[in-house]
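The values are calculated or read from the model by the stated rules, or taken from the named source; none is laboratory data. Remember, it's a predicted structure, so these values are computed and weren't measured experimentally. FYI the Cβ positions are ideal-geometry reconstructions off the backbone, even for glycines, and counts take in every protein chain you see.
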């Protein structure tokens, strides 16, 4: 469970901000690797970056000097698909996930978690779709029995639904197109006209639009409507899957991988990995997302499994790392994070070893910083 957001707690964590230099570290900056560099943190920002032995940055510049020898410094990981609840953001940060992109959160939960993320630096930061758009009685109603939330019955309700999401502070719009694939039983789902109306209204309101659609048929509805992203890889295989992957790439649509989710719930993990491989081969933008929940897969730790599964799908190690850092930052407009460069947030993950050659090294955590504040030693795993 995350700490209580008290004024004393906020002051305590503010004391962690100062000037820190991480010296002689292997650096993956979100896009490429530098064999040896030094990074200066000043307050909540990256203030300096120098390559080479000792890197031109010396301990006199900072109150804290961290020896990065034998270690790799990465941008804080960004999970491109989660569902948050109490304790989720603290758990995520322990594993180096400094930002979570939540894809469905009830209003009271979102209010509490957004406040926590805004006031604390010992939990992950948060962006959220808030309440997703689905048909009355549609997915995921069966997962929250007895809980009422806004739904969309027909195209005429799309604009009002989107306006309510904007008023509630949603950062993007998630649209469910699923007739019961995950539930294993037929469920109501949005009509293609309603999906199109939601996408139109979302874009008019300045929101990115993300579709939950797993079958090729439902993905086609999303693509026809002009969706910006897909919340999962698809389950289908064969020539039609390859055709769909090419169309996804051609339209510039991103896809959150969620391979750890397919594996955790035994929902065709092998096909999901195959789909990720097909998408990569087609040139589509794949973001590392886990679909982490309070149950399974687990917040934070699932991201390290996701990276392994992406490499199983044929992604190079640096590609997989970019899918968990710079790529989601770019596609979700998070211009202050996802890379290591002067002026950006000091959201950082320091690991033992070299994940550019051994992806499992990401889970060997030596340090985590969020907004320039390092977690206390021993609290990472």
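This table checks each residue for (1) at pLDDT 95 or above; (2) out of contact with any strand residue (DSSP E or B) (no Cβ under 8 Å at 6 or more places or on another chain); (3) under 19 Å from residue 179 (Cβ atoms).
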residue	(1), (2), (3)
220	yes, yes, yes
230	yes, no, yes
238	no, yes, no
248	yes, no, no
251	yes, yes, no
266	no, yes, no
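Only one of the listed residues (305, 339) is over 13 Å from the mean Cα position of the chain (by Cα), under 24 Å from residue 127 (Cβ atoms) and outside any loop (DSSP other than H, G, I, E, B). That residue is 305.
For the stretch 143-171, how many residues are over 21 Å from residue 192 (Cβ atoms) and touching a residue at least 12 places away in the same chain (Cβ under 8 Å)? Counting residues in the stretch 143-171 that are over 21 Å from residue 192 (Cβ atoms) and touching a residue at least 12 places away in the same chain (Cβ under 8 Å) gives 10.
Checking each residue of the stretch 100-111 against the condition of being outside the structural domain of residue 168 (by TED's automatic domain parsing), touching a residue at least 12 places away in the same chain (Cβ under 8 Å) and in contact with a helix residue (DSSP H, G or I) (Cβ under 9 Å, 6 or more places away or on another chain) gives no match.
Residues in the stretch 308-336 that are surrounded by fewer than 22 Cβ atoms within 10 Å (Cβ to Cβ), in contact (Cβ under 8 Å) with a residue 60 or more places away in the chain and outside any helix (DSSP H, G or I): 333, 334.
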